[in-house]
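One structure below.
The values are calculated or read from the model by the stated rules, or taken from the named source; none is laboratory data. Because the structure is predicted, anything quoted here is derived from the model rather than measured. In this analysis, Cβ positions are derived from the backbone assuming ideal geometry, glycine residues included, and neighbour counts consider all displayed protein chains.
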Amino acid sequence: MTNRYIRLTALSLLCLLSTVTMTMAGQVSPDDILGTWLITEDDEAVEKVEITKCGDFYCGKIVWLKAQDESDTPVTDLKNKADDLKDRPLVGLEVLQSYQFDGEDTWRDGKFYAYRKGKTVSPKLTLIDKDHLKIQVKILFVKKSFVWERVTGQ
């Protein structure tokens, strides 16, 4: 065998491997969003949201808050516009509702309750890879994105 043949064979195998990897990376199934996701601010863990299946839709609830670990009393929904909801605990609160998979890599048409602002928005959720979920909020002409990281080995 010549060096040229070996190089050509190696290059062909590398191209084949790259094609297979890109094809596999592009395959996202609806349930790939399931699991617990870590939310950070300034590189510090602040909360975890567990995404589950709710019938034909996907929903998520807060399962951990750093602020709760630092407090003797439950952290409540103080910024809620409805006075009768301001006392409800945030841990256990469903913050994602009615998301649907779009057939590619994104979940849409749901509602997300942003308790820090006391507002409900409708971001799209896009799986960047198996361990990173992009949350993209668009309000009028302004877009803001966050990336959540999958919690593994809890």
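Of the residues that sit in the stretch 130-154 and are of a type outside the set (Lys, Arg) and touching a Phe, Trp or Tyr at 6+ places or on another chain (Cβ under 9 Å), which one is farthest from Gly110 (Cα to Cα)? Please lay out each step first, then the result.
At the first step, the residues of the stretch 130-154 found to be of a type outside the set (Lys, Arg) are 131-133, 135-137, 139-142, 145-149, 151-154.
Narrowing the set further to residues that are touching a Phe, Trp or Tyr at 6+ places or on another chain (Cβ under 9 Å) leaves 132-133, 135-137, 148-149, 151.
On the way: His132: 19, Leu133: 15, Ile135: 12, Gln136: 12, Val137: 12, Trp148: 17, Glu149: 20, Val151: 22 Å.
Ranking the qualifying residues of the stretch 130-154, first place goes to Val151.
Of Val151, Val137, Val147, which residue is under 15 Å from the mean Cα position of the chain (by Cα) and modelled with pLDDT under 95? Break it down stepwise before answering.
Values: Val151 fails: modelled with pLDDT under 95; Val147 fails: modelled with pLDDT under 95.
Of the residues listed, the single one that is under 15 Å from the mean Cα position of the chain (by Cα) and modelled with pLDDT under 95 is Val137.
Pull up the stretch 58-106, narrow it to residues that are within 19 Å of Gln136 (Cα to Cα), in contact (Cβ under 8 Å) with a residue 24 or more places away in the chain and acidic (Asp, Glu), then point me to the one that is surrounded by the fewest Cβ atoms within 10 Å (Cβ to Cβ). Step through it out loud before you land on a result.
Step one: filter the stretch 58-106 for residues within 19 Å of Gln136 (Cα to Cα), giving 58-62, 94-106.
Now drop any that are not in contact (Cβ under 8 Å) with a residue 24 or more places away in the chain, which leaves 58-62, 94-101, 104-105.
Add one more test, that the residue is acidic (Asp, Glu), and what stays is 94, 104-105.
Numbers: Glu94: 14, Glu104: 10, Asp105: 18.
The qualifying residue surrounded by the fewest Cβ atoms within 10 Å (Cβ to Cβ) is Glu104.
Are any of the residues in the stretch 92-106 over 19 Å from Ile33 (Cβ atoms) and part of a strand (DSSP E or B)?
No.
Surrounded by fewer than 17 Cβ atoms within 10 Å (Cβ to Cβ) and over 30 Å from Gln27 (Cβ atoms): does that describe Asp131? So that I can check it myself, show each step before the final result.
Working: surrounded by fewer than 17 Cβ atoms within 10 Å (Cβ to Cβ): yes; over 30 Å from Gln27 (Cβ atoms): no.
No.
Evaluate the stretch 126-143: report whether one residue or more is without any contact (Cβ under 8 Å) to a residue 12 or more places away in the chain and assigned to a strand (DSSP E or B).
yes
Look at Asp109 and say whether it is under 17 Å from Ile135 (Cβ atoms), among the acidic types (Asp, Glu) and either within 15 Å of the chain's Cα centre (by Cα) or loosely packed, with under 14 Cβ neighbours inside 10 Å (or both).
Details: under 17 Å from Ile135 (Cβ atoms): yes; among the acidic types (Asp, Glu): yes; either within 15 Å of the chain's Cα centre (by Cα) or loosely packed, with under 14 Cβ neighbours inside 10 Å (or both): yes.
It is true that Asp109 is under 17 Å from Ile135 (Cβ atoms), among the acidic types (Asp, Glu) and either within 15 Å of the chain's Cα centre (by Cα) or loosely packed, with under 14 Cβ neighbours inside 10 Å (or both).
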